[in-house]
Amino acid sequence: MSTILKVGVIGVGGIAKTHMPGWAASELAEVVAGSDVFGPALEAWGATHGVTRLSTDAADIINDPDIDIIDICTPNMYHAPLAIAALEAGKHVICEKPLAPTPADIRQMIAARDASGKTLMTAQHFRFKGSSKALKAEIESGSLGDIYHARSWMLRRGWIPARPGFIYKKNSGGGPTIDIGVHILVSVTKYSPRAAGGV
Ligand SMILES: NC(=O)c1ccc[n+]([C@@H]2O[C@H](COP(=O)([O-])OP(=O)(O)OC[C@H]3O[C@@H](n4cnc5c(N)ncnc54)[C@H](O)[C@@H]3O)[C@@H](O)[C@H]2O)c1
């Protein structure tokens, strides 16, 4: 494995553009390849970011021995097959949320991760917000006792209608719960600091 980890992005639509500044800021990784089923968008993305290794066939990126990490930014229905193929090809995977539309898909992704020994990470960026981390630390300190109920909500008031690409059910596998609900639905309803070895 190279010192600078090489990244291939699959699906170069809206969220991929958001990932790019993060990759560009990293001293540990660089994006060297991209794939999208829509060739013109792929060419434009490559020109914008100076990425020349482009293919409309994701397998070309997944099976490239020079690539260490696959960044999956496609609509939800394609996450599981692409992630499993990438893990089986020996790549680390970061995959947009939700990991997949069904628990069965996600279990298969986790099994592929376990078999590969590689990292599978979901891009749930809300988990890294200061408020999320502060609340988690508070819960883990035990100061709130055993959490048996939590309420959370999310309302999208801007950017409507969203681009149709990923909200069609054939691409998304679900509706608002699977789209924005995954940001706020956490396992806190079952969280027990005592069971987790806390206070
Ligand atoms: N973390 C967040 O807050 C956040 C925000 C927006 C979207 N997302 C997630 O990002 C993913 C993509 O959303 P988006 O807004 O970028 O959608 P988008 O429609 O803008 O882009 C998706 C891209 O994937 C391409 N594509 C579709 N199927 C493909 C395949 N099989 N192989 C390769 N490329 C394929 C499309 O041509 C398109 O360019 C979704 O899973 C969505 O839930 C996350």
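Restricting to segment 28-45, and then to whatever is more than 11 Å from the ligand (Cβ to nearest atom) and in contact (Cβ under 8 Å) with a residue 24 or more places away in the chain, can you tell me which residue is surrounded by the most Cβ atoms within 10 Å (Cβ to Cβ)?
The first filter runs over segment 28-45 and keeps only residues more than 11 Å from the ligand (Cβ to nearest atom), leaving 28-33, 43.
From what's left, in contact (Cβ under 8 Å) with a residue 24 or more places away in the chain: 28-33.
Numbers: Leu28: 8, Ala29: 19, Glu30: 15, Val31: 24, Val32: 21, Ala33: 22.
Among those that are more than 11 Å from the ligand (Cβ to nearest atom) and in contact (Cβ under 8 Å) with a residue 24 or more places away in the chain, it is Val31.
May I ask you to list pairs of residues, at least six apart or on different chains, whose Cβ atoms are under 9 Å apart, with the first in segment 108-126 being closer than 12 Å to Ile94 by Cα and the second being of a type in the set (S, T, N, Q) and open to solvent by 60 Å² or more (accessible area, probe 1.4 Å)?
Arg113/Thr119
The values are calculated or read from the model by the stated rules, or taken from the named source; none is laboratory data. The shown structure was predicted, so the numbers you read here are calculated from the model rather than taken from an experiment. No Cβ is skipped: glycine too gets one built from the backbone with ideal geometry, and neighbour counts run over all protein chains shown. Ligands, DNA and RNA are excluded from the accessible area calculation, which covers all protein heavy atoms including side chains. Shrake-Rupley method; radii C 1.70, N 1.55, O 1.52, S 1.80 Å.
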